2 protein chains.
Amino acid sequence: MDHKHYKRKIYLEDKPRMEAKREILEAFGLPLEKEVIPTSDALGRVTAEPIFAQNSTPHYHASAMDGVAVIAERTYSAHEQNPLRLKFGEQFCHVDTGNAIPAPFDAVIMIENVDFIDEDTIEIIEPATPWQHIRPIGEDIVQEEMMFPQGHILRPADLGVLLATQLTHISVAKKPVVTIIPTGNELVEVNSTLSAGKIIEFNGTVFANFVKEWGGEPKLHKIVKDEPEKIKAVLLEAAEISDIIVINAGSSAGRKDFTVHIIGEIGEVFTHGVAARPGKPVILGKIKGKIVVGVPGYPVSAYLALEWFLRPLICKYLQIPEPRRQTITVKLGRRIVSGMGAEDFVRMNIGYVNGQFVANPLTRNAGVTMSYVRADGLLIVPTNVIGYEQGDFAEVELLRPLEEIKQAIVFCGSHDLTIDLLSSQLKDKRTEMKIVSSHVGSMAGIMAIRKGEAHVAGIHLLDPSTKQYNIAYVNKLLASQDVVLYPFLKRKQGWLLPKGNPLAIESVVDVVEKQANFVNRQKGAGTRILFDMLLEDANLSPEDITGYEREMFTHLAVAAEVNGDKNGVGLGIYPAAKAMRLDFVPVADEEYDLLMTKGFYESESGRQLIEIIQSAEFKEQVEKIGGYVVVENAKPKCLA
Amino acid sequence: MDHKHYKRKIYLEDKPRMEAKREILEAFGLPLEKEVIPTSDALGRVTAEPIFAQNSTPHYHASAMDGVAVIAERTYSAHEQNPLRLKFGEQFCHVDTGNAIPAPFDAVIMIENVDFIDEDTIEIIEPATPWQHIRPIGEDIVQEEMMFPQGHILRPADLGVLLATQLTHISVAKKPVVTIIPTGNELVEVNSTLSAGKIIEFNGTVFANFVKEWGGEPKLHKIVKDEPEKIKAVLLEAAEISDIIVINAGSSAGRKDFTVHIIGEIGEVFTHGVAARPGKPVILGKIKGKIVVGVPGYPVSAYLALEWFLRPLICKYLQIPEPRRQTITVKLGRRIVSGMGAEDFVRMNIGYVNGQFVANPLTRNAGVTMSYVRADGLLIVPTNVIGYEQGDFAEVELLRPLEEIKQAIVFCGSHDLTIDLLSSQLKDKRTEMKIVSSHVGSMAGIMAIRKGEAHVAGIHLLDPSTKQYNIAYVNKLLASQDVVLYPFLKRKQGWLLPKGNPLAIESVVDVVEKQANFVNRQKGAGTRILFDMLLEDANLSPEDITGYEREMFTHLAVAAEVNGDKNGVGLGIYPAAKAMRLDFVPVADEEYDLLMTKGFYESESGRQLIEIIQSAEFKEQVEKIGGYVVVENAKPKCLA
């Protein structure tokens, strides 16, 4: 708490992102520096100047075929009715592909068109035309020809033509040295023992690998404590040895966010805050002639800020254009709200269903790194747009290859641990296919199928009147649609409880009476609907439950919460309890079915998915987890 | 000539490419081998098994904001009209983003919404809801969650989430070791002094870099002579230490092509020859359980054969899908003929002109490596298709990013050395733009503009009747089109002659009388038209000229030919003579103009191109070459 009274700078600027970028690129100047390296090591490097051929290839008249070299004008009489015989030495010689054509020969006849009479004599029945089957000097590359302009990124075949003209060394753009400085008292090295409030320093490794991918040379500094004098010293030292400096965290406006003050003190600050989310609290400045980029601690904010500013700096250093991501137009499966006055970068899942790309936003929480890892694309909502309605079309930048997105089976609905297993088995058997799943709950799963946004939805919805699972909901909500309800699993739902069940909870009445801290699931989740039924059956209401409003999106997330609280309780499936070593009190045996569009069910992908589900190997793996029974010889359930 | 009588195997198989691939992949088995490596080194590596989170992140309830932690239910009375004061310690504590929330606090209020009354007292005017601004345990990653399936290629951000859950090491697919064996008596190391018949060994380096890019580990063997016993020994040794062996050349059916016999002797041959061009003479086999791929010596054939067979083998080893190239539909600018019975892989230039992708084939000569380097895409003509007509639409696989193709200025027509300079200057000033040029001659350039296949064509066509350059041709051939004829250069055409002009050539009459070996340009080239006019003016005919039928596509290629022949002569521009240190006897001062579509001329790209042409810097560079005058303050020529 030693910095409690350090002057806060609460308000950040709202500078347009492109303006901030223009300024920083200008301040960076035109820094192209060259180095000469062996051509054989130059894959992915950038030519620093136009490259001219040093020699021609071929550098002599070369035979283009295996055959014999002849003097063309001496063959003009050859004819099927009048074969011509030639003697070795003066009249012909043997040549293989690539051999030099010795004077005075000026044409090559392919071996297939030559009759060998004896060691020294051949017969031909067709004349040769001058220079036939001869590769002239420079056919491939002519000396002095420009092979590559400056700014060309070298590919494998490019190295070949360079070497072919004996360019053993070439001049390439030096890689800019980017020093990465992680700061923060809360950070610990990856091998440390974790305690509350401590965070593994992993951003540095991610940044270093971005720098590598973008063509720079990263230098990852060790963690620096939140001490202004230390940070100052490290920054000054980095300015000596780097082309660009990245400092992580301390860029916002909190008690310990003094990075901006330090940069201002020992250098110059151009920007503190841009009108773009997440990634807004970025610092752009200069220390001793070197550009400094200060990025926020939240991983997703940091990655975006680096893409906005660091990547263009590296490209400028190498003098190559900034690569643009492929974009496609998608239909939005959900409404997307965006504040005015700032761009929003929204991570999106994209599915290809019924010949259409449908995209749904992932969490916009900048701390959820997995949402960036799982994203298929980025939707950039411009500053002056307040969002999009469900069903609108919008352009997204792709984070994965289009073909991969097209091949994916889009899975949504309720979360079950076996979906991961299924995904892994599928990838094992059919490397080009994969399952992309989002855990939105059973009801949202049904709606996604209805809107044509998913191929498959996992659902487990108990109908209070019939006490049957799923059928009533599908009949009601998908009345006129061609869908298949495929029985997948029976699984145990029950109370997830801290080891030893300290509050001795056996029923929903116990949850209320013992004032346990309940961890709920989100609206529309099958488990939530089950819990609400239990409340109703016991004549209780949500107000009686402590924690009813705390919503988690997966069974594991509920289990993790219960794990940390000796008064906790949740409702969930047995495998979640097992994974977290919790106690489990069974409540219901439920039917977890797969709802599919008929088109998908009947497709090749659908067939393969069912084949894996029904395989002995998959069943064995699932039942080994415990709490599951895979439905044997399943047939689609009858729908109205 | 020691292998002259080695048994030839002239005929290759015509096995369908996909069948050969299926067989070889089957023979390769299921070789996934794993290794455990540090996560921080795992960029681009492939997960060998599903990866489950080892810990949750956050692993404690963490503040999501800078602010104060409070007990939510004690804040319910706070209101604008009824501010609530809280005391440090029991009622609130300071928290920064990422800090653990100490018991009994259960909500965070953002710093912006807190009034600091004194050191120990705050005031709030709005109640907190339980768990607000708190990141629950596992918000990002829940312990036991599957983060990645098997077969995932790790990206920078992926390393972050692995490290975040303290996975410091992970299990990845081992890289397959691919030994590359270059063979051939004609091959020499890149540093050697070249003599006729000797070729630089550069394929090995290209192959090694393909292997690297595709995820394997290359081992490049030194050059092996064409001696069966030596090759046998090297193959057997490679089989011990490699997962896959690539042997270069000797795969065809020439005198020294005994590779297939050797593999048959010490192993098994599955395929010798596939029905696909170029790349047909490929060998697929197995030696001591290791797959051998024998590829032809012509670079382009070899690169394609590796892509067809080696890449799938590497992907199978890593258990990842074979990446597919993006494809686009293009309009064909020229007719493409393909033989039945084999696929044809045609290298294509692609331009984006008037909102349409237009593609033209590059040479199909497998020895012209530059055509692969310069290609924008590959057109694959299926086995049963005999080709396409000009104007047909066809699908091509892209070898460059689509955006790069879209940004390119398509330049065609006559070749001039200054176009390379212009290209380089443009790349220097506007990194995202580039010139793609093909040297087709002035007439073909005019036709390309007419068909909407190019933005700019360089032309120099002397009209015999008016003795004016270009205008008459444009008026005749582009009568109804909106084009601009922009005066670019005046340049000197003349005789290109060996140093010292041994035949003392001063005129076209000398060329005939002294029986010089003439090197001609292709039909439609301005220089060829000039030569034909010289012939006509002297009452001579093509038959009088030795070498009239030898056509080169560039000035430099003509100069290179003349350079190698003391009886040689060509017609070309001064800079070509200068580059090759030839003698030069001037014949004409010609006007080399730029013909542009009006749309391009008026576009931003057009404007920038003209700006560079008119810059002092460009003029200086051009005139330094010699033989050129850049037209000052040029204005478009008047057209009818």
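The values are calculated or read from the model by the stated rules, or taken from the named source; none is laboratory data. Since this is a predicted model, take the numbers as computed values, not measurements. In this analysis, Cβ positions are derived from the backbone assuming ideal geometry, glycine residues included, and neighbour counts consider all displayed protein chains. When the accessible area is computed, the model is the full protein with side chains, heavy atoms only, and any ligands, DNA or RNA have been set aside. Shrake-Rupley method; radii C 1.70, N 1.55, O 1.52, S 1.80 Å.
How large is the charge dipole for region A:326-400, taken about the Cα centre, if only the Cβ atoms of Lys, Arg (+1) and Asp, Glu (-1) carry charge, to the nearest 20 debye?
280
With θ taken as phi - 60° and the coefficients 6.51, -1.76 and 1.60, list the Karplus ³J(HN,Hα) couplings across region A:324-331 in order, rounded to whole Hz; mark glycine and proline as x.
So the J values, rounded to whole Hz, are 9, 6, 5, 10, 9, 8, 10, 8.
Take the Cα atoms of region B:62-135, find their three principal axes, and give me the spread along each one in whole Å, biggest first.
Cα extents, longest axis first: 31, 24, 21 Å.
Using the alpha-carbon atoms, what tilt in degrees (0 to 90, nearest 10) does helix B:417-429 show relative to the longest principal axis of chain B?
Relative to chain B, helix B:417-429 is tipped by roughly 10 degrees.
When a/c reaches 1.5 or more, the comparison of a/b and b/c decides; with that in mind, is region A:326-400 rounded, prolate or oblate per its Cα gyration tensor?
oblate
Copy-to-copy spacing for B:LYS490, label 7 Å out on the Cα-to-C-beta vector, in nm, shortest first?
Here B:LYS490 shows inter-copy label distances of 9.8 nm.
Hey, how much of the P(r) for region A:91-193 falls beyond 24 Å, as a percent of Cα pairs?
58
Determine the shape class of chain A: with a ≥ b ≥ c the square roots of the Cα gyration tensor eigenvalues, call it rounded for a/c under 1.5, and otherwise prolate if a/b is greater than b/c, oblate otherwise.
oblate
Give the Kirkwood hydrodynamic radius (Å, one decimal) of region A:442-630, defined as one over the mean of 1/r across all pairs of different Cα atoms.
17.5
So how do B:408-415, B:288-295 stack up, highest first, on mean other-Cβ count within 10 Å?
Ranked by mean Cβ neighbours within 10 Å, highest first: B:408-415, B:288-295.
Counting only other residues whose beta carbon sits under 14 Å from that of B:SER437, what net charge do I get with K and R as +1, D and E as -1?
Cβ neighbours under 14 Å give a net charge of -2.
Listed here are the pairs A:LYS15/A:LYS523; B:LYS15/B:LYS451; A:LYS175/A:LYS288; B:LYS514/B:LYS637; A:LYS222/B:LYS427; which of them are more than 30 Å apart at the Cα?
The pairs that break the limit, which is 30 Å between Cα atoms, are A:LYS15/A:LYS523; B:LYS15/B:LYS451; B:LYS514/B:LYS637; A:LYS222/B:LYS427.
Label position 7 Å from Cα toward Cβ: report the copy-to-copy distances for A:GLU265 in nm, one decimal, ordered from shortest.
Copy-to-copy label distances at A:GLU265, shortest first: 7.8 nm.
With the full set of protein chains in place, find how many percent of the accessible area of chain A is carbon and sulfur; take the probe as 1.4 Å.
For chain A, the apolar C and S fraction of the accessible surface comes to 51 percent.
On each of the three principal axes of the Cα atoms of region A:16-97, give max minus min coordinate, whole Å, ordered largest first.
Taking the Cα atoms of region A:16-97, the three principal extents are 84, 28, 19 Å.
So what J values fall out for region A:484-498 if you push phi through Karplus, 6.51 cos²θ - 1.76 cosθ + 1.60 with θ = phi - 60°, rounded to Hz, Gly and Pro as x?
Each residue of region A:484-498 in turn: 10, 10, 9, x, 10, 9, 9, 9, 8, 9, x, 6, 8, 9, x Hz.
Write out the trypsin sites (Lys or Arg not before Pro) in region A:554-637 meeting two conditions: DSSP loop, and at most 14 other Cβ atoms within 10 Å of their Cβ.
A:LYS566, A:ARG581
Residue farthest toward the positive end of the dipole of region A:105-254, with Cβ of Lys/Arg at +1 and Asp/Glu at -1: which of A:TRP214, A:PHE105, A:LEU187?
A:LEU187
Decide, for region B:257-335, between rounded, prolate and oblate: order the square roots of the alpha carbon gyration tensor eigenvalues as a ≥ b ≥ c, take rounded if a/c falls under 1.5, and otherwise choose prolate if a/b is larger than b/c, else oblate.
Because a/c hits 1.5 or more and a/b fails to exceed b/c, region B:257-335 counts as oblate.
Using the alpha-carbon atoms, what tilt in degrees (0 to 90, nearest 10) does helix B:616-625 show relative to the longest principal axis of chain B?
That helix lies at roughly 40 degrees to the long axis.
With chain B rotated onto chain A, spot the residue of B whose Cβ lies nearest the axis and note the distance in whole Å.
B:GLN326, 4
Taking the 0 to 90 degree range and rounding to the nearest ten, how far is the long axis of helix A:604-613 tilted relative to the main principal axis of chain A, both from C-alpha atoms?
Value to nearest ten degrees: 50.
What list of ³J(HN,Hα) values in whole Hz, one per residue of region A:94-99 in order, does the Karplus curve 6.51 cos²θ - 1.76 cosθ + 1.60 (θ = phi - 60°) give from phi, with Gly and Pro shown as x?
7, 9, 9, 3, x, 5
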